[in-house]
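Have a look at the structure below, then the notes.
Values quoted throughout were computed directly from the atomic coordinates according to the rules given, and no laboratory measurement underlies them. Computed from a predicted structure; not experimentally measured. Note that each Cβ is placed from the backbone with ideal geometry, even for glycine, and that neighbours are counted across all protein chains shown.
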Amino acid sequence: MDGPPDSPTSPGAVPASTARPIDGRLYRFAPWIAAWRDGQRLTRRSLWPLFDLVCRLWLAQLVVSVGLATLTGTRGPVPAAWLAVELVGGVLLAVGAATRAAAAGLTALIAVASASVVDPSVQLYASVLLGWYWVSGAGPISVDAALGRGTRWIALPLVGSLQGAAAWLSRWGGPLALFAFRFGIAGLFFAEGVGKLANFDHAVALFREQYRLPLLAPPLAAGLAAAVELVCAPLLAAGLFTRVAAVPLVTMTIVIETLVRHEPVHAYWLALLVIPLLRGPGALSLDAWLGRRLAAHAPALIDGARWNDQGLAHVVIVSAGFAGAAAARALHHSPCRITLVDRHNYHLFQPLLYQVATAALSASEIAWPIREMFRDQANVRVRLGRVTGVDLDARTVRLRDERLGYDFLILATGARHSYFGRDEWETLAPGLKKIEDATEIRRRILVAFEHAEDTADPDERAAWLTFVVVGGGPTGVELAGAIAELAHHGLVDEFRHVDPAAARVILVQAGPRLLPALSPASSTETLRALEALGVEVVLGHRVQEVDAGGVRIGATRVAARTVVWAAGVIASPAQKWLGAAHDPAGRVMVAPDLTVPGQPSVFVVGDTAQILGRDGTPVPGIAPAAKQAGAYAAKEIHRRLLGQPAPPPFRYRHAGNLATIGRQAAVAEIGRVRLRGALAWWFWGLVHVLFLAGVRNRLVVLLNWAWAYLTFRRSTRLITDGPS
């Protein structure tokens, strides 16, 4: 960690040599702590909203049934106001609208007016649960949560004040309520455990006669139940390892009490116990105290901890693509501060970019805001900017208006399309690497059909309806198949003077076969599927010339107004910044640990690097390889920060190759498994949906694909402004 200080122009910069010592003993437990924190986040964000909804519906049916008993004459007459509170309040509680007001009214009413209908013990626990909703409000699945932010600004008197009071009540009353739940339920369990030990023979007889658990002998069952209660109840009361202590108590309540004896009181016990299990023990607990102590000594281990990061090693990651994002995530619990620099504010899922270009998806469905991706990772700072160079001697990264000092640098700047020395073709035949490229290609494809509709010249119309895709790799194959499907199915009956199905799609591949990274059998299957879609495949010929009127393939001139380039890539300018050795495609030739030779603090990963596999062949430029390289670089940095031995050299684990051609037509190779046709197509779709960032994006993409599959319609056929 030796080196010159950060640039003085970098605000708050700290020399690397002054980085404070790290207590590596705590950070050795980072993987386990991370898994524990992830489990807590999962229960809080997924299980807690569902439990909250079920609990509200349960309480609502209880109070509504009391009101219905009045209407049916089961209960004696009551004031109309009481009946209105029971019926209206129950409905409001169920949907989570005005939850606190409904719960407050029902708490008072169920304690006073329902004794003739509801068992007194049930009344007590129901009142406690309703009191929880009076203090905390409804969870995420509720009307209150959906309208919470908007209603604050409604021009109605007292609305803002009431919401402020509710927030104050949740902030201060919530921890007190959780403490009361823990302490009260723990006392009941502890008393039961003591009673079982004091009257062990009676407890054994009870287990023998009433519970009849077939897998456990009555003495063992009684002793086990008493042990769980006596050990876990004090931990629950103190809030120490709360969730660990609550799980055996919940399990015992479900198995021994609820499912066997069917006593409703124990169901309420269970509800009160599940609240701290899913929601957490609250601020008044030893768990919270330990968390604060851990945040003070090792803040990077605590999600969202507010900590002074000055003096920690500074890791600069350039680009938030697959490799850069994977590196930042892998450094989640490392003692470092991270600056993630990207010239865009979004992370792009490039494998589905061709679907934006062919009007199957919109750009927002395959991109995710970078800041949202890392909002829960406190040691990440996101910078929107363009990197213009790297000063290896000063250990700084140059942006347009400042410099960033680094202790470790990860360059993951990716690649752009290559025209093999004919860069003037770029305006005539755009490539597909960015969202801007996809929207421009979509515009050209859709405009071509519009011009074909408007022209009366047959030759001009044929030129507008001819689409040439250059390059027979996965991108070219997917583009050609998608354009053919759009023309033959997606635009049916939408034009009056031209038949879109008459469109001609030509795929040009300079090599002898398509998809050269796959097996010859997969290449043959791909060729057959493309020809079945009506795509003309030209193999073994290069594009010699591209102009505004078309292309020349070998000696053949093809009139085409729309040409798309998918023939090759070249790495970003990273090798120029570093002055490092590189291959003909501009990829930096890195050491086995992915560092630049002679620069142990600089890592180059993803499409920017030439990484050799075990057999000496370059690692493919695909998303899984980029993610693995980014995670490896982060692991190397983490070990260096803790003074641990370096990991073994990077080894790429190839998961397989996938390529889709069209509807129910795809190829997949996973190890020795070869999939073709519909099965490979479904597998391709599942894999791509799972790798998308964000639940919303996955759901929207699934819905759009389902709509397109059932109707043959593309819903994002927007012609946006672009170069004329």
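Straight Cα distances below 21 angstrom link LYS433 to the lysines LYS576, LYS627, with same-chain residues fewer than 8 positions distant left out.
Between TRP172 and ALA145, the distance separating the two model label sites (each 7 Å from Cα on the Cα→Cβ line) works out to 2.6 nm.
Scalar couplings 3J(HN,Hα) for segment 495-504, obtained by applying the Karplus form with A = 6.51, B = -1.76, C = 1.60 to θ = phi - 60°, are 10, 9, 10, 9, 9, x, 5, 7, 4, 10 Hz; x denotes Gly and Pro. Straight Cα distances below 17 angstrom link LYS196 to the aspartates and glutamates GLU209, GLU229, GLU257, with same-chain residues fewer than 8 positions distant left out.
Provide the net charge surrounding ALA668, with neighbours chosen by a C-beta distance below 13 Å and charges set as Lys +1, Arg +1, Asp -1, Glu -1. Computed value for this residue: +1. For VAL689, VAL535, the sequence from fewest to most other C-beta atoms within 10 Å is VAL689, VAL535. Computed 3J(HN,Hα) for segment 183-188, one whole-Hz value per residue from the Karplus formula 6.51 cos²θ - 1.76 cosθ + 1.60 where θ = phi - 60°, is 5, x, 5, 4, x, 5, glycine and proline marked x. Take the alpha-carbon centre of segment 567-639, take the same for segment 44-62, and report the distance between them in whole Å. That distance is 49 Å.
Starting with the highest mean, order 624-630, 193-199, 123-129, 270-276 by the number of other Cβ atoms within 10 Å, averaged over the residues of each peptide.
Descending packing order for the listed peptides: 624-630, 270-276, 123-129, 193-199.
When the chain is fully extended, how far beyond the present Cα-Cα distance does GLU426 get from ALA394, taking 0.36 nm per residue of separation? Contour length minus the Cα-Cα distance gives 7.9 nm.
Each label was represented as a point 7 Å from its Cα along the Cα-to-Cβ direction; for THR617 and VAL88 these points are 7.4 nm apart.
Amide hydrogen proximity for GLY550: with H placed 1.01 Å from N in the peptide plane, the residues at 5 or more positions away or on another chain lying under 5 Å are ALA560.
Counting only residues at least eight positions apart within a chain, or on another chain, the aspartates and glutamates with an alpha carbon under 15 Å from that of LYS434 are ASP342, GLU365, GLU426, ASP607.
Length gained on full extension, HIS202 to GLN61, computed as 0.36 nm times the residue gap minus the Cα-Cα distance: 47.1 nm.
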